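Worksheet for the structure shown next.
The values are calculated or read from the model by the stated rules, or taken from the named source; none is laboratory data. It should be emphasised that the depicted structure is a prediction, and the values quoted were computed from it without experimental measurement. Here the Cβ positions follow ideal geometry from the backbone for every residue, glycine too, while neighbour counts run over all protein chains shown. Just the protein is used for accessible areas: all its heavy atoms, side chains included, with ligands, DNA and RNA removed. Shrake-Rupley method; radii C 1.70, N 1.55, O 1.52, S 1.80 Å.
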Amino acid sequence: MTLLSYTKALNRALADALADDPAVCVFGEDVGAGMAGPTLGLQQRFGPGRVVDTPLSEQGFTGMAIGAALAGRRPVIEFQIPSLLFLVFEQLVNQAHKFSLMTGGQAGVPLTCLVPGSGSRDGWAGQHSDHPYGLFAHAGVKTVVPATPSDAYGLLLSAIRDPDPVVVFAPAAALGVREDVTRELAPIPLGSARVHRSGTDVTVVAVGHLVHDALAVAEELAGTVSVEVLDPRTLHPFDWGALAASLERTGRLVVIDDSNRSCGIGAEVLATAAEEMRLIAPPHRITRPDGAVLPFALHLDRALQPGREQLRHALHSVMKHS
C-alpha cells in the first residue's frame, strides 16, 4: 500500500509541472521554506529564480505573476490564507480573467492561484477561515476544489497547464487526508465531476472536504437509504451533465457546501436542478449561515459549519417525499 497525503500530492504536482515545463514558476510568501507544505523542497531543487520568495505584498506579487503570464510564463501563486484573495480580487477577476476575452485571444494569462488551507483551521478566526470559491465561480473564473490527494494532484496539474487563470482551493480539513495510490497519478480534466459512491435514493453533492463526511454518512445509512455521493471537483465550469445523470437515477438532491448560504454554490446547484433536472422531492442545502464570520472560539467555529448531523437530518427529510 502506498499512502499519499493531500499536501504531498500538491507538492508532487508542482514538482512535476516545474520539471516538465521551464515556463512554470512559483511565487509566494515563504515558498522557499515550504511553510504551507506544497512548495517544500522545490526551491532547493529548481532554484530561487523559479520558486520565488516574495515580500509580504499580495497585490505586488499578483501583479508580477500576471505580467509574467502575459510574457509567456506559467506562474503559480501560493496564498497562505484564503482571505488574501480579497486583496487581489480586482487583479484576478477584472484583469487576468478578462485579458484573453477582451483581446480576442491575442493575450493569455495562464495563471494558477493555489490556496493550501482554505476554510476553517481550528480557531483561525474571522479573517482566516473563509471559503470564497463561490465569488470566483460567480465571476466566471475557473474554480477547483479537490477532495482527495489524487484529485488534488490531477486537478492542480491541469490548472497549471490551462491557458486561463484557475483558482485551486485546497480545503484545510482535507489536508490531512491520505489515499492509497495504486495507479499512476495523472492530470484530471477541469469540469469533470466524480461519483465516489453510487446510489438509487438520493444524490448528495458535496464540495471539497465534505465529500468525506458525505461518504461516512452514506455508509452509516446504507441499510435504509441508498446515497449517491457526487463530487463536482470543479465549481466552474460545473459538470451539469453528471448531476443530471445522477438525478435521473435518484430524483432527490441534498447539497452540502462549507460556504455562506446566500448566493452560494449550494444555491446555484439547487436552482439549476429545479429548473432543468428530474426531482421528485424538494431539494435541501446545508451550508454555513447567511453572512457567517467564523469566531475564534472553537466550539462556535464548529457550530457554524455544515456537518454530519445536519446531513443525516436532510437525507431523512428528502426521503419522506416520493
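Observations on the structure shown:
- Qualifying residue in segment 3-25 (condition: at pLDDT below 95 and either out of contact with any Gly (no Cβ under 8 Å at 6 or more places or on another chain) or closer than 21 Å to Leu190 by Cα (or both)): yes
- Pairing each residue of segment 161-181 that is in contact (Cβ under 8 Å) with a residue 60 or more places away in the chain with any residue that is open to solvent by 20 Å² or more (accessible area, probe 1.4 Å) and of a type in the set (Val, Ile, Thr), provided the two are 6+ apart or on different chains, yields C-beta distances under 7 Å for Leu175/Thr7; Asp180/Thr2; Val181/Thr2.
- Asp180 vs. criteria of a type in the set (Asp, Glu) and farther than 20 Å from Phe61 by Cβ: yes
- A count restricted to segment 110-130 and to residues that are of a type outside the set (S, T, N, Q) and either open to solvent by 10 Å² or more (accessible area, probe 1.4 Å) or assigned to a loop (DSSP other than H, G, I, E, B) (or both) stands at 11.
- In this structure, Ile81 does satisfy being hydrophobic (A, V, I, L, M, F, W, C), within 27 Å of Ala174 (Cβ to Cβ) and open to solvent by 10 Å² or more (accessible area, probe 1.4 Å).
- Residue identified as free of Cβ contacts under 8 Å to residues at least 40 places away in the same chain, in a helix (DSSP H, G or I) and among the aliphatic types (A, V, I, L, M) among Leu85, Leu92, Leu101, Leu135: Leu101
- Close pairs from segment 245-267: first farther than 16 Å from Gln310 by Cβ, partner hydroxyl-bearing (Ser, Thr, Tyr) and in a helix (DSSP H, G or I), Cβ under 9 Å, at least 6 apart: Ile265/Tyr133
- Applying a threshold of 8 Å to beta carbon distances and a minimum spacing of six or more residues, or different chains, the list of pairs starting in segment 70-82 at a residue that is under 12 Å from Ala17 (Cβ atoms) and ending at one that is at pLDDT 95 or above and open to solvent by 40 Å² or more (accessible area, probe 1.4 Å) reads Arg74/Asp21; Arg74/Arg161.
- Every pair of residues 6+ apart whose Cβ atoms lie under 9 Å, when the first sits in segment 2-22 and is of a type in the set (Lys, Arg) while the second is assigned to a loop (DSSP other than H, G, I, E, B): Lys8/Gly37; Lys8/Pro38; Lys8/Leu40; Arg12/Leu185
- Scanning segment 294-318 for residues that are open to solvent by less than 70 Å² (accessible area, probe 1.4 Å) and over 21 Å from Gly208 (Cα atoms) returns Pro295, Ala297, Ser317, Val318.
- Residues of segment 23-51 satisfying the condition of being touching a residue at least 40 places away in the same chain (Cβ under 8 Å) and open to solvent by 10 Å² or more (accessible area, probe 1.4 Å): Ala23, Phe27, Glu29, Asp30, Met35, Ala36, Gly37
- Qualifying position, being modelled with pLDDT of 95 or more and touching a helix residue (DSSP H, G or I) at 6+ places or on another chain (Cβ under 8 Å), among Ala245, Ala274, Ala214: Ala214
- Whichever residue in segment 187-197 is closer than 18 Å to Ala273 by Cβ and either of a type in the set (A, V, I, L, M, F, W, C) or in contact with a Cys (Cβ under 7 Å, 6 or more places away or on another chain) (or both) and, among such residues, is surrounded by the most Cβ atoms within 10 Å (Cβ to Cβ): Ala193
- Being in contact with a helix residue (DSSP H, G or I) (Cβ under 7 Å, 6 or more places away or on another chain), over 27 Å from Gly134 (Cβ atoms) and surrounded by fewer than 17 Cβ atoms within 10 Å (Cβ to Cβ) is true of Ala107.
- Test result for Pro55, touching a helix residue (DSSP H, G or I) at 6+ places or on another chain (Cβ under 6 Å), over 30 Å from Ser262 (Cα atoms) and not β-branched (Val, Ile, Thr): no
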